[in-house]
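I have placed the structure first, in the form of structure tokens, so that the comments after it can refer back to it.
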Amino acid sequence: MISDIVFNKQQSIHSYSIGALEKMYMEGRLKFREINNPQVRQIRRYILDNALDERIYFPPVVAYKKEGDKSGTLHIIDGNQRIRAFTQLYEYSFDRLGIDDKKEEESARKVLDYIGNTEIAVQVFEGLSEKEADQLYVDFNTKGKKVALSKRIAFDSRSQINQITNKVLQQNTILRVAGIEMEKRAVIRPANKNFLSLSQLRQVVTVFLTGKMAVAQDKSIELSMDMDQYLELIRMWFIELFELYPAESIGNYEDSMLASFPLLMAVVLYALSGVDGMDFEERKTTVVTRMKRLKEVNWSRGNPVWTEFEGSVRGTYKYFYLDNNKKNIDKMTEWLKQQGR
């Protein structure tokens, strides 16, 4: 235990085993705030997905003891969902011991073995009033700074999509010439002339890896090819894309309709349509061939064909902006297939 006095409040750091916390919970000596069950389920899944590799990282739980309380009851300020996720897994796994399904029983034993060797750090305040504890709860949940998307992609060691997105950005000089907005989730046209935001680049990569336009940040995926093959396929696609429109000006919405993200997504979907069952070489040949077939398309913003799709005229310059919805993107994808014949 580490103890200190800060701002006239006694603080200490304790380490509790999951078993000890479960016992305290059963004895009524662990008091939670309102439990968010969907978040508890998400944390449980995170624990199960990473327990065997011992790659679970949680910040200390924050709690307080009421003044004069001799029972040692902990009132959780921050970390309710984390502790509840662990205690639920403990209870569920314990109940699975001795069942007829030996495979499920073995899985339960592994979870219990991991949980039995896991301890959680708890920062405990003493002498807080209930009002001060409530304020600390509010501050923890409103004052903390969210990790920037660029940092999550750069340092996320679990998400294959984030890993490949980061490598795509590192390995493609021409993509950096086109411009990547590193912090904002979207680029506001026409003022921002960066080609893509990092979030949008991740969406492009997601389609290459999964065939879908969106996958949850923490969802694991199964890849049908090696990472290097995906990187090469994406690299070749960008080379062909910048043959259709120069990298230096592709993000300039005053000139380029490819600066419109819905249209760009349609180009990605067009290039990858039906390639799931192909091996790497066949995919690469197909993608390159399809992209070359689009060379006759007029990608300028002034081309009146774009107004045939869903969109609206808005802004100071009264530019036409394509709607970013699946129906509209699918319609543009089909149109591109007609152009690429």
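Take region 40-77 and flag every residue that is polar (S, T, N, Q) and at pLDDT below 90.
42, 50, 71
Select from region 61-72 the residues that are surrounded by fewer than 16 Cβ atoms within 10 Å (Cβ to Cβ) and in contact (Cβ under 8 Å) with a residue 24 or more places away in the chain and list them in ascending order.
67, 71, 72
Return the pair list, or none, for Cβ contacts closer than 7 Å from residues in region 275-298 that are within 19 Å of residue 338 (Cβ to Cβ) and of a type outside the set (A, V, I, L, M) to residues that are open to solvent by less than 90 Å² (accessible area, probe 1.4 Å) and assigned to a loop (DSSP other than H, G, I, E, B), at least 6 apart or on different chains.
If the second residue must be open to solvent by less than 90 Å² (accessible area, probe 1.4 Å) and assigned to a loop (DSSP other than H, G, I, E, B), the pairs left are 286/275; 286/278; 290/340; 293/340.
Mind checking which residues of region 197-215 are of a type outside the set (Gly, Ala, Ser), closer than 19 Å to residue 326 by Cβ and either open to solvent by less than 30 Å² (accessible area, probe 1.4 Å) or not in a loop (DSSP other than H, G, I, E, B) (or both)?
200, 202, 203, 204, 205, 206, 207, 208, 209, 210, 215
If you check 270, 321, which single one turns out to be surrounded by 11 or more Cβ atoms within 10 Å (Cβ to Cβ), part of a strand (DSSP E or B), modelled with pLDDT of 95 or more and not small (Gly, Ala, Ser)?
321
Scanning region 131-151 for residues that are open to solvent by 80 Å² or more (accessible area, probe 1.4 Å) and not in a loop (DSSP other than H, G, I, E, B), which turns out modelled with the lowest pLDDT?
Among those that are open to solvent by 80 Å² or more (accessible area, probe 1.4 Å) and not in a loop (DSSP other than H, G, I, E, B), it is 151.
Among the residues of region 21-31, is any open to solvent by 70 Å² or more (accessible area, probe 1.4 Å), charged (D, E, K, R) and either assigned to a strand (DSSP E or B) or closer than 20 Å to residue 132 by Cβ (or both)?
yes
Please verify whether residue 315 is in contact with a Leu (Cβ under 8 Å, 6 or more places away or on another chain) and open to solvent by less than 60 Å² (accessible area, probe 1.4 Å), treating the condition exactly as stated.
no
Please go through region 224-242 and pick out each residue that is open to solvent by less than 50 Å² (accessible area, probe 1.4 Å) and either closer than 13 Å to residue 295 by Cα or not in a helix (DSSP H, G or I) (or both).
225, 240, 241, 242
Sort through 96, 55, 44 and tell me the only one that's among the basic types (Lys, Arg), surrounded by 13 or more Cβ atoms within 10 Å (Cβ to Cβ) and either over 22 Å from residue 114 (Cβ atoms) or in contact (Cβ under 8 Å) with a residue 40 or more places away in the chain (or both).
Being among the basic types (Lys, Arg), surrounded by 13 or more Cβ atoms within 10 Å (Cβ to Cβ) and either over 22 Å from residue 114 (Cβ atoms) or in contact (Cβ under 8 Å) with a residue 40 or more places away in the chain (or both) holds for just one of 96, 55, 44, which is 44.
Would region 116-130 turn up any residue that is open to solvent by less than 80 Å² (accessible area, probe 1.4 Å), out of contact with any Asp or Glu (no Cβ under 9 Å at 6 or more places or on another chain) and either assigned to a helix (DSSP H, G or I) or among the charged types (D, E, K, R) (or both)?
Among the residues of region 116-130, at least one is open to solvent by less than 80 Å² (accessible area, probe 1.4 Å), out of contact with any Asp or Glu (no Cβ under 9 Å at 6 or more places or on another chain) and either assigned to a helix (DSSP H, G or I) or among the charged types (D, E, K, R) (or both), which makes the answer yes.
With (1) more than 24 Å from residue 190 (Cβ to Cβ); (2) open to solvent by 10 Å² or more (accessible area, probe 1.4 Å); (3) under 28 Å from the mean Cα position of the chain (by Cα) as the list, and residue 275 as the residue in question, which single condition is left unmet?
Just one mismatch for residue 275, condition (2).
When you go through (1) open to solvent by less than 20 Å² (accessible area, probe 1.4 Å); (2) out of contact with any His (no Cβ under 8 Å at 6 or more places or on another chain); (3) modelled with pLDDT of 85 or more; (4) on the phi < 0 side of the Ramachandran plot one by one for residue 82, which number turns out not to apply?
In the conditions (1) open to solvent by less than 20 Å² (accessible area, probe 1.4 Å); (2) out of contact with any His (no Cβ under 8 Å at 6 or more places or on another chain); (3) modelled with pLDDT of 85 or more; (4) on the phi < 0 side of the Ramachandran plot, residue 82 misses (1) alone.
From the set of residues in region 153-168 that are at pLDDT 70 or above and open to solvent by 50 Å² or more (accessible area, probe 1.4 Å), which is farthest from residue 79 (Cα to Cα)?
Here the answer is 167.
What is the one condition in (1) in contact with a Phe, Trp or Tyr (Cβ under 6 Å, 6 or more places away or on another chain); (2) open to solvent by less than 30 Å² (accessible area, probe 1.4 Å) that residue 245 does not satisfy?
Condition (2) is where residue 245 drops out.
The values are calculated or read from the model by the stated rules, or taken from the named source; none is laboratory data. None of these values were measured; they are calculated from a predicted model. Note that each Cβ is placed from the backbone with ideal geometry, even for glycine, and that neighbours are counted across all protein chains shown. All accessible areas refer to the heavy atoms of the entire protein, side chains included, with ligands and DNA or RNA removed. Shrake-Rupley method; radii C 1.70, N 1.55, O 1.52, S 1.80 Å.
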